[in-house]
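Remarks on the structure that follows.
The values are calculated or read from the model by the stated rules, or taken from the named source; none is laboratory data. Everything numeric in this text was worked out from a predicted model, so none of it was measured. Here Cβ is always computed from backbone atoms with ideal geometry, including for glycine, and neighbour counts include all displayed protein chains. Keep in mind that these areas ignore ligands, DNA and RNA; they rest on the heavy atoms of the full protein, side chains included. Shrake-Rupley method; radii C 1.70, N 1.55, O 1.52, S 1.80 Å.
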Amino acid sequence: MDAITERTSIERQLEIAASPETVWELLTDPAESTRWMGLSASFDLRPGGTYRVEVIPGNVALGEFVEIDPPRRLVYTWGWEPGASSTVAPGSTTIEFDLTPTATGTHLRFRHLDLPTAESAERHGHGWDHYLGRLSLAATGGAPGVDPWVDGPM
């Protein structure tokens, strides 16, 4: 009998008072992306290109770009390099950002698919809530400042 592994996902939706182009830059430009998430980032922004972000010390997210449709849709795989505090393997899950223009800015639909357990979905959901709030602040001209998680537990 084959074992069946149940995968789980998280979804968030938020309104951001900034254009899709502004939000897109924050998602795809390594210098801009580290304003809201990560200590360093390196992107090869093409299908099959590498996505790599040192989110906090010792925790590096790694994946590859799957779909790039500026400024509407961004999809990449996601996981953590060995040594991180998560057991989600590099490239084993998928991140989707859908940006829709609205009268007041952008409707962002975020999905993190194929997380291996309910616990990993809960932990990643907690992390994404933190970072999506910082993304929204950066997009609207705010200064998220130094990520408080850099020096302390998530």
Would you compute, for the Cα atoms of the range 6-78, the largest minus smallest coordinate along each principal axis and list the three values in descending order, in whole Å? 35, 33, 23
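Given a 1.4 angstrom probe, I'd like the percentage of the accessible area of the chain that is carbon and sulfur, rounded to a whole number. Numbers along the way, then the final one.
On the way: 4000 of 7640 Å².
Exposed carbon and sulfur together represent 52 percent of the surface.
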By how many degrees, 0 to 90 and rounded to 10, does the Cα axis of helix 118-139 deviate from the longest principal axis of the chain? 20
Nitroxide proxy distance, nm - points 7 Å out along Cα→Cβ at Thr100 and Thr87: 3.7
Longest segment of the chain with no trypsin sites (Lys or Arg not before Pro) in a DSSP loop having at most 14 other Cβ atoms within 10 Å? 73-154
Using label points projected 7 Å from each Cα along Cα→Cβ, tell me how many nm separate Glu11 and Asp69, to one decimal. 1.6
Determine the calculated [θ] at 222 nm for the chain from helices alone, applying -39500 (n - 2.57) to every DSSP H run no shorter than 4 residues and normalising by the residue count; nearest 500 deg cm²/dmol. -7000 deg cm²/dmol
Net charge near Tyr51 (other residues with Cβ under 10 Å of its Cβ; Lys, Arg +1; Asp, Glu -1) is -1
Evaluated at 10 °C with a viscosity of 1.306 mPa s, what Stokes-Einstein diffusion coefficient in µm²/s does the range 58-128 have when Rh comes from the Kirkwood expression over alpha-carbon pairs? 122
The Kirkwood hydrodynamic radius of the chain, taken as the inverse of the mean 1/r over all distinct Cα pairs, in Å, comes to 15.8
Span from the the range 102-146 Cα centroid across to the the range 82-99 one, whole angstrom: 14
Label Asp29 and Thr117 with points 7 Å out from Cα along Cα→Cβ: what is the distance between them in nm? 4.0
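Subtracting the Cα-Cα distance from 0.36 nm times the residue separation, let me have the gained length for His126 to Arg109 in nm, one decimal. If you can, show how the numbers build up before the last one.
Values: separation 17, 0.36 × 17 = 6.12 nm, distance 1.62 nm.
Full extension from His126 to Arg109 adds 4.5 nm.
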Quick check for me: using +1 on Lys/Arg Cβ and -1 on Asp/Glu Cβ, what's the dipole size of the chain about its Cα centre, in debye to the nearest 20? 180
